[in-house]
Amino acid sequence: ATSTIMAPGSIDLIEEALNENRRFFALEFFPPKTVEGESNLYPRIEKLSRQLEPLWCGLTLGESAEQALSIGHTAQSVLSVDMQLNVT
């Protein structure tokens, strides 16, 4: 089972899209296992979120919750991408 912690405003984003009869989606990323993978992840998050315009991006909590929190924080604060952490 997967549990998602909805970011503040996520419900509002969904309701807005539904009211406007727009299709919507979110992108999901998995935490990388290497430092190099993490440095490659940020440009991918930025590029895909700019090109595809998802309502938010999700990050599955992997082996390290600390790493996932750090990636989510960086994506939100530096890349201005709405992020959610998903617990599986």
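The values are calculated or read from the model by the stated rules, or taken from the named source; none is laboratory data. What you see is a predicted model; the values in this text were computed from it and never measured. Don't worry about glycine lacking a Cβ; one is built from the backbone with ideal geometry, like all the others, and counts go over all protein chains shown. Keep in mind that these areas ignore ligands, DNA and RNA; they rest on the heavy atoms of the full protein, side chains included. Shrake-Rupley method; radii C 1.70, N 1.55, O 1.52, S 1.80 Å.
For the listed peptides 53-60, 38-45, a ranking on the average number of other beta carbons within 10 Å per residue, highest first, reads 53-60, 38-45. In order along the range 55-65, the phi-based Karplus estimate (6.51 cos²θ - 1.76 cosθ + 1.60, θ = phi - 60°) of 3J(HN,Hα) comes to 5, 7, 10, x, 9, 6, 5, x, 5, 10, 4 Hz; Gly and Pro are listed as x. Rolling a 1.4 Å probe over the protein heavy atoms gives the chain an accessible area of 68 Å² per residue.
Extension gain, Ser39 to Leu69, is 9.3 nm, computed as 0.36 nm per intervening residue step minus the present C-alpha separation.
Measuring only protein heavy atoms, the 1.4 Å probe finds Glu36 accessible over about 130 Å². Taking amide H atoms as placed 1.01 Å from N in the peptide plane, the amide H of Trp56 lies under 5 Å from those of Leu27, each 5 or more residues away in sequence or on another chain. A helix-only calculation puts the chain at -15000 deg cm²/dmol for mean residue ellipticity at 222 nm, using -39500 (n - 2.57) for each DSSP H run of at least four residues, averaged over all residues.
Around Ala68, under 13 Å between beta carbons, what's the net of Lys plus Arg minus Asp minus Glu among the other residues?
Its environment carries a net charge of -3.
Protein heavy-atom surface of the chain, 1.4 angstrom probe: 53% of the accessible area is carbon and sulfur, with nucleic acids and ligands not counted.
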